[in-house]
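Below is one structure, written out as structure tokens; the observations come after it.
The numbers here are math on the coordinates, done by the rules we state, and not lab data. All values reported here derive from a predicted model rather than from experimental measurement. Methodologically, a virtual Cβ is constructed for each residue, glycine included, from the backbone with ideal geometry; neighbour enumeration extends over all protein chains shown.
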Amino acid sequence: MDFPEGNNGGLEMSSNQTKILAVAGLMAGVAALPAAADDRPTAGFRAEHAEIKEHLRHLDGMVGGLDGAPEAEQRRTMAFVVKFLDEHIRSHAAWEEAHLYPVVDDRAGRQGEPFTASMRYEHGIIGRAIDGLSALAAAAPPDATAFARAADRALGVIGAHFEKEEEVFLPLLDRSMTRAEVEAVLGKPSAH
Ligand SMILES: [Fe+2]
Ligand SMILES: [Fe+2]
């Protein structure tokens, strides 16, 4: 088979292919760069949410592995999930009710008819879900399937709750406050 002059049988790339590769290389380079810093006023709080969500994804993976695991491992996993939710989600919710939600109510201009009421109520729903998981993990013998189903539901509610805070509450602050103002009332990210 003959190839046109300058073509070595398909090993040499056309100029179009070269351009495509060059663009792909540039895109890979861009992807490898660190993400642009979040300069929104609520960036510190958003970073904290992102960190908790990363842990929640790990919990989700652990719950997914419960079925068929040896009982000792199931017990360890269930205890770990409950401990994390107890220690991190409850305190996060309490901190929000004391610091974040009052600012959101203030910015929404709805004192006396709290803008955050449904989300405070949802903290209660999440708290009850954690209580339920705690009881399931402590049952003798433990029912890992029931625990996994309840954990799925709880993680779903928590995920939706986080998204509502990020997409409804935080933009209200981002639109109406500077980063310094947000940090003055919420504290630095590490303080949460
Ligand atoms: Fe919350
Ligand atoms: Fe939150």
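A few comments on the model shown:
- Criterion (more than 22 Å from LEU56 (Cβ to Cβ) and hydrophobic (A, V, I, L, M, F, W, C)) met by exactly one of LEU173, LEU133: LEU173
- In the set VAL103, VAL82, VAL157, only one residue is farther than 30 Å from ASP67 by Cβ and touching a residue at least 24 places away in the same chain (Cβ under 8 Å); that residue is VAL103.
- Considering residues of segment 68-92 that are in contact with a Pro (Cβ under 9 Å, 6 or more places away or on another chain) and not charged (D, E, K, R) only, the residue surrounded by the fewest Cβ atoms within 10 Å (Cβ to Cβ): GLN74
- Segment 93-121, subset within 11 Å of ligand 1 (Cβ to nearest atom) and surrounded by 18 or more Cβ atoms within 10 Å (Cβ to Cβ), residue farthest from ARG76 (Cα to Cα): VAL104
- Just one of the listed residues (ALA129, ALA150, ALA137) is in contact with a Lys or Arg (Cβ under 9 Å, 6 or more places away or on another chain), without any contact (Cβ under 8 Å) to a residue 60 or more places away in the chain, within 17 Å of LEU85 (Cα to Cα) and surrounded by 13 or more Cβ atoms within 10 Å (Cβ to Cβ), and it is ALA129.
- Within segment 109-192, helices (runs of 4 or more DSSP H) holding 3 or more residues that are among the hydroxyl-bearing types (Ser, Thr, Tyr): 117-138
- Residues (out of contact with any helix residue (DSSP H, G or I) (no Cβ under 7 Å at 6 or more places or on another chain) and touching a residue at least 40 places away in the same chain (Cβ under 8 Å)) located in segment 44-68: GLY64
- Taken together, the residues in segment 106-119 that are touching a residue at least 12 places away in the same chain (Cβ under 8 Å) and over 21 Å from ALA150 (Cα atoms) amount to 4.
- When each of LEU100, LEU59, LEU85 is tested for being under 21 Å from LEU170 (Cβ atoms) and within 16 Å of ligand 2 (Cβ to nearest atom), the lone residue that passes is LEU100.
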